[in-house]
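Report on the following structure.
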Amino acid sequence: MSKSYLKILAASVVFLMLIMGCQRDDICPESTQTTPMLILSFYDVDDRESYKRPTNLSVRSMVADSVKTLYRRINPDTIQIPLRTDQNTTTYTFTLYDAEEDEEDPEFTPDTDTLTFTYGTEEVYVNRACAYKVIYNSLKLTIEGGEEDEWIDSYIIDEPNIEDDTESHISIFF
């Protein structure tokens, strides 16, 4: 046997081992339940069965000294917001504006409530591709009003344990 034949044979064996040892990259499918979002539904305080859309709602997260806008002047009856996974507290400001930004009265003071969510966290293994997800337990909520008092009249925690994001977790009445 010649040296060139041995080199080709060795290279072929190494190449085959590399190909046979490779697997397709694992990608977490979109259909897999991962860390759920908190779902809030808004209702009319006078008719607790009827959804009510807040007018020009802006939602901002408050982390340390920075503010990040999640929603800007939206009008849905249900929203989804993320909770922090690295702490047991998440704080948001919910602000109602009276009109569109270009039509707003300069004398108008928007209604702002600060919502602080507290909870426990638990990491749950999903699979190799998706790794872990966080579920939230024992959700609690405190609301502080702005200068004009709270625009949120009351709330009900419908589901204190947040394991998925298919149904509303908190009902807010205003």
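Stokes-Einstein at 10 °C, 1.306 mPa s, Kirkwood radius from Cα pairs: D for the chain in µm² s⁻¹?
The Stokes-Einstein estimate is 81 µm²/s.
Given the options Phe117, Phe94, Phe15, which has the most mean-square fluctuation in a GNM of the chain, springs set between C-alpha atoms less than 10 angstrom apart?
Phe15
Please get the size of the charge dipole for the chain, origin at its Cα centre, with Cβ charges of +1 on Lys and Arg and -1 on Asp and Glu, quoted in debye to the nearest 20.
Using only the charged Cβ atoms, the result is roughly 2320 debye.
For the chain, what number of Lys pairs, 8 or more residues apart or on separate chains, have alpha-carbon atoms under 28 Å from each other?
4
Can you tell me which of Arg60, Arg72, Arg128 moves the most in a GNM of the chain? Springs connect C-alpha atoms under 10 Å apart.
Sorting by GNM fluctuation, first place goes to Arg128.
Only the coordinates and a few stated rules stand behind these numbers; no lab work does. Quick caveat, the model's predicted, so the values are computed rather than measured. Counting neighbours? That spans all protein chains shown, and the Cβs are built from the backbone with ideal geometry, glycine included.
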